[in-house]
Structure formats: C-alpha cells, structure tokens
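Visitor: Below are the structure tokens for one structure; questions will follow.
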Amino acid sequence: MNKKFFLAIPIAAVIAIMFVFGSCNKAKTIKPEHKDITEAVYASGFLVPKNEYKVFALSDGYIVAKNKEGGDEVKRGEEIFKVQNDASASKLGASFSAYNIAKLNTSDNSPVLLDLKSKIKSAEAKYKNDSLNFVRYKNMFEAQAITKTQYDQAVLAYEVSSNDLKSLSENYKRSKDQLQVELKNAQSVMAASNLDFGNYSIRSVMDGMVYETYKDLGEAVRRTELVALVGEKGAKILELSVDQQDIDKVKLGQEVIVKLDVTGSKTYKAKVSKIYPNMNQQDQSFKVEALFSDNYEMNFVHTSVEANIIIAHKDKALIIPKNVIQANDEVEIKSLGMNKKVKIKRGLENLEYVEVEEGIKADDEVVIPKVK
C-alpha cells in the first residue's frame, strides 16, 4: 500500500521536494563564537577649554585700546579691551568733585560748620552778658532801684539770648549730621560712577588664554555685546550630546573613546565627569562632559568630536552577528530535517554583534538569512 502511494507521487513533485531540501542544506551558516564584547553609547560634540566663558561689554562706547589677540595668554584682572565713553568720564569727574566738597564740609575746616561755630560763639557772648544783666537788674528790682519795665526788658533780653544760643547749637548739630549724610551720598554716587567707568575697562576674571576676540580698535560696542572668548590655557574638556534614549545608561567615571576631526583616526581616552539633567528640546539630547585621562597637548578648541561611552564589557561572551537575528529576536538553526527557529535572550551588543545569554549553544549552526 505504501509502495503504491509512493509510486503515485508525480515525478515533478519529487524533484521539487528534493530541491527544497537541498536548498535548505545549502544555506550559509555561522557558529556562535566566544569573544570579548564591549557595549557603548555613541555621542558627538566639541572640544572646549576648561572654564570657558564669554566676555561681554558692560557699557556702550567704542574701542580705544585692544591689548589682547586670539591666542594670547592673559592674567586675572588684565585688561583685554579699553572702551571710551565721554559721558561716563564727565559723570565720574562731577561725582568726584561733589564728593570732595562734601568731604570738606564735614572736616574741621568746613566753611559751613566754621560759620555756625562763629555764630554760636557770638551768641554765647551775648547770652553771658544778658545773663549778668538779668541777675543785676533782678537785684536792683528787688531793691526797688529800677522800674518793672526795665526789669522786664532785662528778662526778655536774657530769654532771647538763651533761645538764640540753643537754636544755634541745635542747628549746628543738625547741619553736621546732614553734612555727614551728604558725604555718604556723594561717596555712594562716586563709587557707582567709578564702577560704571570701570566697566569701560574689559578685563579677564581668570588666568588663561584669550581664544578669540570679536572687536577691533575703533569699533563701536554696545552693552552686553560679545567681545571675546576666554578659558584655561592647557586644560580641555569634551562637551558631548547623548540621545535621550541612551542617557540612563551613562554614569560618572565611565571610559570614553574619542576621535577628533582634526587628528583623523587617532583615538584618545577620557572619563565621564559630569551629566547635566536638563534635556535640550531642539535635538532631544542631554549634555555630558568628559575629561581626558592623560595630559594631551591640544592647542585647538571647538573642533568637533565623536565618542563612544563604554557602558559595559564582558570577556569571552557567546556572540553572533546582528544580521542573523530575525524578527522577535529569533534565529534559524540548521538541523537534519527542517530548520527550526528559536528565540534568544540578548545580552551586551554593539554595532556588529550581540551577546546570546540563552537560546543557542556554541556548536549550533545559525542560518544567515538571505538578503531580499
């Protein structure tokens, strides 16, 4: 019965079955390998000076002195630009004059206070004289030697002299206090004017290098306008952008392999030193800083870089090429009959390979899918 059934199969069908079976057996395969694998996160960015900062003009004016050029070293407090503004200079001069007058008015030689002292001295002399007259006229009145009218005139003169002396003394104290207030106000105005005038001298706040200047001698400059770029001379840092889908894998201290556009294929080592929590809304990325592991001599800045941040490494992991993995993390395993598909559990992976934690063994033959 079976034999008849076999003989009943058309010749063409037999040929087709043999072709399929032969094709399956002839499919290209690879075997998993035990190799070291490193997983990394890609990042791009720029090489910048450490503690780089932008120098802005603090006042309007025009450049009358340019003391530094791009590439020049600079000391803290050293002037980079001098900006001229005649109105500010006049304001400073006026405030300085007002301060000197106010200072003189509070000194021992103050014209205002000397005049008041002179008036007080005269008032004291008059008070003393009127006081003596008052006592004398009082005694004379009690002895009925003078009239009541004469006595009353002496009393009135005494009281007026007393009130005048008291008023002048209070006026002196009040004037002295007021002059002290005016001195403090003049000092404050002069300090503000001096600070404003100092803003026309644009200085470095650190020891380092002027990497670039944006203004030349004679050019006009406005308040808050960018005029120079300053940073540390030797130390450089990497400012990298990491995609938001990868940022949770990045940790402080992780090794970074860096390639700079200006040095071609040469690589450098660095370590993640800072991770910024705020996402850049424009490109959906996070800023990460890295410091070089060695003191590389680099005299250029703002060159673009590409980097791989090493997030994991494993020695002798069981790996397969990514191109053999099909949908749902399945791979096709060659067998004597029909090939079978098995699901794998991924481990570490890079651009080319994937670590297999579960699903296949080292002696399995994995079928390479045909490119459609």
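Read-outs: derived from the displayed coordinates by stated rules, not from any lab. Since the model is a prediction, treat every value here as computed from it, not as a measurement. Using ideal geometry, Cβ is built from the backbone for each residue, glycine included, and neighbour counts are taken over all protein chains shown.
Visitor: Between residue 104 and residue 357, 0.36 nm times their residue separation minus their Cα-Cα distance comes to what?
Guide: 82.1 nm
Visitor: Okay, moving on. Please count, across the range 86-199, the pairs of lysine residues with Cα atoms under 20 Å apart that sit 8 or more places apart or on different chains.
Guide: The result is 26.
Visitor: Next question. In what order do 149, 267, 29, 213 fall by count of nearby beta-carbon atoms within 10 Å, going from fewest to most?
Guide: Least crowded to most crowded, the residues run 149, 267, 29, 213.
Visitor: Order by neighbour count: 300, 81, 46, fewest other Cβ atoms within 10 Å first, most last.
Guide: 300, 46, 81
Visitor: Please list, ordered by chain and number, the residues whose modelled amide H lies under 5 Å from the amide H of residue 29; skip anything fewer than 5 residues away on the same chain.
Guide: For residue 29, whose amide H was placed from the backbone, the distant partners under 5 Å are 368.
Visitor: Let me ask something else. Name the residues whose placed amide hydrogens come within less than 5 Å of the amide hydrogen of residue 72, ignoring near sequence neighbours (fewer than 5 apart) on the same chain.
Guide: Here 210 satisfy the definition.
Visitor: Sorting 266, 184 on the 10 Å Cβ count, fewest up front, what's the list?
Guide: So the ranking, lowest neighbour count to highest, is 266, 184.
Visitor: Order the peptides 117-126, 96-105 from the highest to the lowest mean number of other Cβ atoms within 10 Å of their residues.
Guide: So the order, starting with the most tightly packed, is 96-105, 117-126.
Visitor: Here's another thing I want to ask about it. Using 1/(1 + (r/R0)^6) with R0 = 25 angstrom and r between the beta carbons of residue 252 and residue 322, what's the FRET efficiency to the nearest 0.05?
Guide: 0.25
Visitor: Find, among the GluC sites (Glu not before Pro) in the range 272-369, those assigned to loop by DSSP (not H, G, I, E, B) with at most 13 other beta-carbon atoms within 10 angstrom.
Guide: Sites meeting the loop and neighbour criteria: 297, 352.
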